[in-house]
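Trainee: Mind looking over this structure? Questions follow.
What follows draws every value from the coordinates through simple rules; no lab data is involved. Everything numeric in this text was worked out from a predicted model, so none of it was measured. Cβ placement follows ideal geometry from the backbone for every residue including glycine, while neighbour counts extend to all protein chains displayed.
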Amino acid sequence: MGLNNSFNNFALSMTKHRHFIVHKPFGYISQFMTNQKTRRSKKMLGELHDFPDGTMAIGRLDEHSEGLILLTTDGKMSERVRSKKVEKEYYAQVDGLITPESIRLLQDGTVISINKSIYTTHPCTVRLLDKEPDFPPRTKKIRDNRHGPTCWISIIITEGKYRQVRKMTAAAGFPTLRLFRVRIGNVFLNQMSAGEVIEVEDFDV
């Protein structure tokens, strides 16, 4: 009986899934490998940590976006996090001083292009941040302040279309200059450093 229990425990330990919270730095691609010759020089998430085989990113951030990304070896966990019941919050630095009219446009639904088709985003929550977030300077400078003012907004969505937030703000007339994902459900970026990886037992989304 003891031998069987030991075997069962060993089998469970061998199939136990692993989950990671990551602060994706600027310039990294949300992939672990690529065969594209043009991307061999790009930085991959796998360079940040010794992740186990089968690790996948739950939703992606484009190369120039930063912040919170969740990784898992569990496909069911990935589906749960990507559910439209789970909020994703972004802080976007936009070009110009956004107007109340543009904020309402973003909230009510913005017409953008997805895979060469016209798409209207779902209603979402958008607000102007009172002050600039305390993010470290980006490794590649955005632009000089002499080019005009900028401001930061919070956008909370439940969708995850490709480059959605960037397309939304551009359609509203305020292109995104810098983009951070700061929250997925109840998981927050908080004060994690760029490139930091934290392994957790589960995601509280």
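Trainee: Counting Lys +1, Arg +1, Asp -1, Glu -1, what net charge surrounds ASN190 among other residues with beta carbon under 13 Å of its beta carbon?
Mentor: On the way: positive: ARG181, ARG183; negative: GLU89, ASP134, GLU196.
Every neighbour counted, the sum reads -1.
Trainee: Beyond 23 Å, what share of the Cα-Cα pairs of the range 88-184 remains, rounded to the nearest whole percent? Walk me through the numbers on the way to the answer.
Mentor: Working: 987 of 4656 pairs.
So the pairs more than 23 Å apart make up 21 percent of the total in the range 88-184.
Trainee: Could you list which residues have their amide H under 5 Å from that of SER65, counting only those 5 or more apart in sequence or on another chain, with H placed in the peptide plane?
Mentor: Hits under the 5 Å cutoff: GLY27.
Trainee: At q = 0.17, 0.21, 0.22, 0.32 Å⁻¹, what log₁₀ I(q)/I(0) does the range 107-148 have when each alpha carbon counts as one equal point scatterer in the Debye sum?
Mentor: -0.85, -0.87, -0.86, -1.10
Trainee: If I fit a long axis through the Cα atoms of helix 2-15 and take the longest principal axis of the Cα atoms of the chain, what angle between them do I get, 0 to 90°, rounded to 10?
Mentor: The angle comes out at about 20 degrees.
Trainee: Tell me which label goes with the value of percent of Cα pairs over 20 Å apart computed from the coordinates here: (1) 68; (2) 58; (3) 61.
Mentor: Of the labelled values, this structure produces (3).
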